[in-house]
2 protein chains.
Amino acid sequence: MDTLHQSFTVKFSYDVFFTSALFDPNNKLINDFLTGSNLSTSIKKILFVIDEGVTNTHPALVSQIKDYFIQHNQTQLVQDILIIPGGEPVKNDTRYLDQVLEAVNNHGIDRHSFVAAIGGGAVLDMVGYAATISHRGVKQIRIPTTVLSQNDSGIGVKNGINYFNKKNFLGTFSPPVAVFNDELFLSTLSDRDWRSGIAEAIKVALIKDQKFFIWLEENADLLAQRNRAAMNYQIWQCAKLHLEHIRGADPFESGSSRPLDFGHWSAHKLEYLTNFEIRHGEAVAMGIALDTVYSNLSGRLSTEESNRVLNLIQKLGFELTHPLLQVQQDNSPILLGLQEFREHLGGQLTITLLTAIGKGEEAHEIDPALVKKASEILQELNQQTAHNFSSSIL
Amino acid sequence: MDTLHQSFTVKFSYDVFFTSALFDPNNKLINDFLTGSNLSTSIKKILFVIDEGVTNTHPALVSQIKDYFIQHNQTQLVQDILIIPGGEPVKNDTRYLDQVLEAVNNHGIDRHSFVAAIGGGAVLDMVGYAATISHRGVKQIRIPTTVLSQNDSGIGVKNGINYFNKKNFLGTFSPPVAVFNDELFLSTLSDRDWRSGIAEAIKVALIKDQKFFIWLEENADLLAQRNRAAMNYQIWQCAKLHLEHIRGADPFESGSSRPLDFGHWSAHKLEYLTNFEIRHGEAVAMGIALDTVYSNLSGRLSTEESNRVLNLIQKLGFELTHPLLQVQQDNSPILLGLQEFREHLGGQLTITLLTAIGKGEEAHEIDPALVKKASEILQELNQQTAHNFSSSIL
Ligand SMILES: NC(=O)c1ccc[n+]([C@@H]2O[C@H](COP(=O)([O-])OP(=O)(O)OC[C@H]3O[C@@H](n4cnc5c(N)ncnc54)[C@H](O)[C@@H]3O)[C@@H](O)[C@H]2O)c1
Ligand SMILES: NC(=O)c1ccc[n+]([C@@H]2O[C@H](COP(=O)([O-])OP(=O)(O)OC[C@H]3O[C@@H](n4cnc5c(N)ncnc54)[C@H](O)[C@@H]3O)[C@@H](O)[C@H]2O)c1
Ligand SMILES: [Zn+2]
Ligand SMILES: [Zn+2]
């Protein structure tokens, strides 16, 4: 009997909204979205799950949400708002996943209802995963509250939790139905979390958008001083470039090419080596520095452009490298990381390097001797700067 | 700042192959598939998970698979072949899900490697779910071994496990990379499992394909007598119609219209009421009978056509109805099932009924009095036939 061929396409679409004071009763944005997508006449439910780091710093949030849905009662708010810890612990322990699944079950959230997550990338990843596997997918709304989640992780299509001690071992590709970036959440971020997410903007500018890189150079001081307007533009442009990339090529990553992971191969390893005491963005800034200097040493990128990248990273207040990124001998942890990454890709490496600011190229071979040299250069530069800092303090 | 709009399509494609003796060393089919999809030069792994009901009845299978991959060694067989119970228990207890996840982890199955499930619909649903959530999706191959899984559940895009005592509470939409239907597996099915899956063919013929319905009428005796050629054609045509439906409309079921669930609203309830002692296909045959007679009583379908449907169902050896489908008063379990189904759809019912053999239509209202009448008619018919059977036996 003849082979039967199956082939179809599935369309995904969602908007990323930018706003201020999302739950101000006069802000109609989320209500308009919820009622607009309500095709039938029946009342839809919405279940909120919130990052404890957000409720701690925005103590009025829960009552604001309740008031909002008293005024805008076309959508039925589940009164039990679920508050869960923020950061990596929420992805490490399946107890929190089970809490969300139980809430979905107890409150009768179905495929026509919404689960809205408010929080950093970790909470959004876990709740997005829970929403995706419940009833083969209930509608997920993301309300990111960190720079990294507003400009990168919260606006994309991936989710996940850690399992068997492995980062994102469980997860899916599953777009949200909407993302609401509210600038007011960012005011309560620590300096580290404010800065950290900017690394993703440097990354995407370097591989895709020279003009944005120049904008970052010109606004580095404002960003470092926590200027809100500069931050808003940075987030908007970075999100835009990420969204364009996702829709352009291979949204659910069926191939091995992942240019948005520029600077990430060593960053991922470093996060593990430091037991996640270093922030993702901080590690990415160091990974970018390493792959930039490597691009220069391997003859791809001019020294002048390489130095501009390192200057920008430092101007924003990032460290250029970390002692654990130093290559001592052949089995340095970071070279082992490269080896693991090669195995993970099924034997052939695909790593993005730079040929110019704004232009990436894929490499399939990495020379360990040059990685060693690049890490030494960065170690030295970092010490000089630390020295400068301390002498300027003295 | 302007709202950013995201929109993209993702293409899914896979083949459903029909074969005999898939793991005969001279059968190149699966090896050709595995090596053909191997774009890079690196060796890919394949992990097998098998339904115990299959290994019990095909005791040579595991060694056949091992021999096959000794000969066809471009793909690296994971030597630990995982054997798990068949049927609903494997979807009820997350221990089995964890066994598959652990195997994926221990054997380093990544997004470029394969997890192949051999078994009935329950095993395929659970293993497909495990494969989908591992590393955001490792490649799943399905090798269905029951009639129902070869003509319907195994060739589609859904998977799932039961959770909180709810059928398919956890699951995703996630197409396989290939399906291999091997006719030889069917020879060891019980008569009930052989017959059961044919209900899905009646269903899809009734809503989509009059010619196929006539073919089923003409071949009902052969099918009941376990004729292999008739079964092969029935599976092929039923799978074809299901595949066409999935690619035609709304593959990941974002709307509420689900014509392939014709006859299923009462069937799902009946499966629960009988604690799954009744087979899915047996329940579907009864659900089809009920909705067919309802279509007639509500003036949609001619009595002649309605009788042809009931005749076919009986000729194949199915019961027309079940005592638990009888409507006694207003709160009969089956009417409660209708109510639950309405709530599940968010307030508005969408149920497919028949206007002719081969033609369905959506209804949004169901009259409980007519459901009662339809169930009484079927109860009576069933008793008469039981009486006929017993008198012919005497
Ligand atoms: N899905 C993706 O595509 C993707 C991409 C990149 C990173 N990630 C994931 O994102 C996670 C990191 O996300 P992150 O950088 O947003 O950090 P995070 O989620 O770990 O949060 C960091 C800390 O900030 C707190 N916090 C959150 N919002 C706050 C606010 N407005 N004010 C004060 N404190 C607040 C949290 O409680 C937490 O303690 C990682 O798990 C990473 O794997 C996912
Ligand atoms: N994913 C979907 O789209 C979809 C659609 C319909 C049904 N389903 C699911 O499929 C499941 C029912 O599947 P099923 O009807 O294939 O039954 P099943 O998987 O429950 O298997 C029935 C029995 O047959 C045994 N068995 C399997 N193959 C055999 C063989 N070749 N010889 C002898 N015994 C064999 C099994 O071990 C089991 O004991 C249900 O869980 C249902 O929810 C899924
Ligand atoms: Zn990143
Ligand atoms: Zn069915």
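The values are calculated or read from the model by the stated rules, or taken from the named source; none is laboratory data. What you see is a predicted model; the values in this text were computed from it and never measured. Here the Cβ is made from the backbone with ideal geometry for all residues, glycine too, and neighbour counts use every protein chain on show. Just the protein is used for accessible areas: all its heavy atoms, side chains included, with ligands, DNA and RNA removed. Shrake-Rupley method; radii C 1.70, N 1.55, O 1.52, S 1.80 Å.
List of remarks:
- Cβ pairs under 8 Å, 6+ apart, first in region A:16-32 and polar (S, T, N, Q), second open to solvent by 30 Å² or more (accessible area, probe 1.4 Å) and not in a loop (DSSP other than H, G, I, E, B): A:Thr19/A:Leu29; A:Thr19/A:Glu183; A:Ser20/A:Glu183; A:Ser20/A:Leu184
- Of the set (1) more than 23 Å from B:Ala130 (Cβ to Cβ); (2) within 14 Å of chain A (Cβ to nearest Cβ), all apply to B:Ala60 but (2).
- Just so you know, in region B:122-136 the residues that are within 16 Å of ligand 1 (Cβ to nearest atom) and closer than 13 Å to A:Ile133 by Cα include one that is modelled with the lowest pLDDT, and it is B:Arg136.
- Scanning region A:171-203 for residues that are within 14 Å of another protein chain (Cβ to nearest Cβ) and of a type in the set (Val, Ile, Thr) turns up A:Thr172, A:Val177, A:Val179.
- Residue in region B:337-344 that is away from chain A (no Cβ under 14 Å) and either modelled with pLDDT under 95 or over 22 Å from B:Val204 (Cβ atoms) (or both) present: yes
- Test for B:Ile81: is it exposed (fewer than 15 other Cβ atoms within 10 Å of the Cβ) and in contact with a strand residue (DSSP E or B) (Cβ under 6 Å, 6 or more places away or on another chain): no
- Qualifying residue in region A:334-352 (condition: touching a residue at least 40 places away in the same chain (Cβ under 8 Å), buried (at least 18 other Cβ atoms within 10 Å of the Cβ), assigned by TED's automatic domain parsing to the domain that holds A:Asn219 and closer than 27 Å to A:Asp191 by Cα): no
- Among residues of region B:248-263 that are outside any loop (DSSP other than H, G, I, E, B), those with a Cβ under 9 angstrom from a residue that is at pLDDT below 80, sequence gap 6+ or separate chain, pair up as B:Pro259/B:Ala249.
- Qualifying positions in region A:267-308 - part of a helix (DSSP H, G or I), surrounded by fewer than 24 Cβ atoms within 10 Å (Cβ to Cβ) and in contact with a strand residue (DSSP E or B) (Cβ under 9 Å, 6 or more places away or on another chain): A:His268, A:Glu271, A:Tyr272, A:Asn296, A:Glu305, A:Ser306
- When A:Gln74, A:Gln6, A:Gln99 are screened for being within 14 Å of chain B (Cβ to nearest Cβ) and closer than 30 Å to A:Phe164 by Cα, only A:Gln99 passes.
- Candidate set from region B:111-163 (those that are away from chain A (no Cβ under 12 Å) and among the hydroxyl-bearing types (Ser, Thr, Tyr)); member that is nearest to ligand 3 (Cβ to nearest atom): B:Ser153
- Annotation: of all residues in region A:144-158 being within 6 Å of ligand 1 (Cβ to nearest atom), surrounded by 24 or more Cβ atoms within 10 Å (Cβ to Cβ) and free of Cβ contacts under 8 Å to residues at least 60 places away in the same chain, the one that is farthest from A:His264 (Cα to Cα) is A:Thr146.
- Evaluating A:Val104 against the criteria (1) in contact with a strand residue (DSSP E or B) (Cβ under 6 Å, 6 or more places away or on another chain); (2) within 16 Å of ligand 1 (Cβ to nearest atom); (3) closer than 25 Å to B:Asn165 by Cα leaves one unmet condition, (2).
- Consider region B:181-201 and keep the residues that are farther than 12 Å from B:Glu282 by Cβ and surrounded by 24 or more Cβ atoms within 10 Å (Cβ to Cβ). The one that is nearest to ligand 1 (Cβ to nearest atom) is B:Asn181.
- Residues that are more than 14 Å from every other protein chain (Cβ to nearest Cβ) and either open to solvent by less than 60 Å² (accessible area, probe 1.4 Å) or closer than 18 Å to A:Asn181 by Cβ (or both) within region A:215-255 comprise A:Trp215, A:Leu216, A:Glu217, A:Asn219, A:Ala220, A:Leu223, A:Ala224, A:Arg226, A:Asn227, listed in sequence order.
- Test: residue in region A:38-50 that is open to solvent by 10 Å² or more (accessible area, probe 1.4 Å), more than 14 Å from chain B (Cβ to nearest Cβ) and basic (Lys, Arg): no
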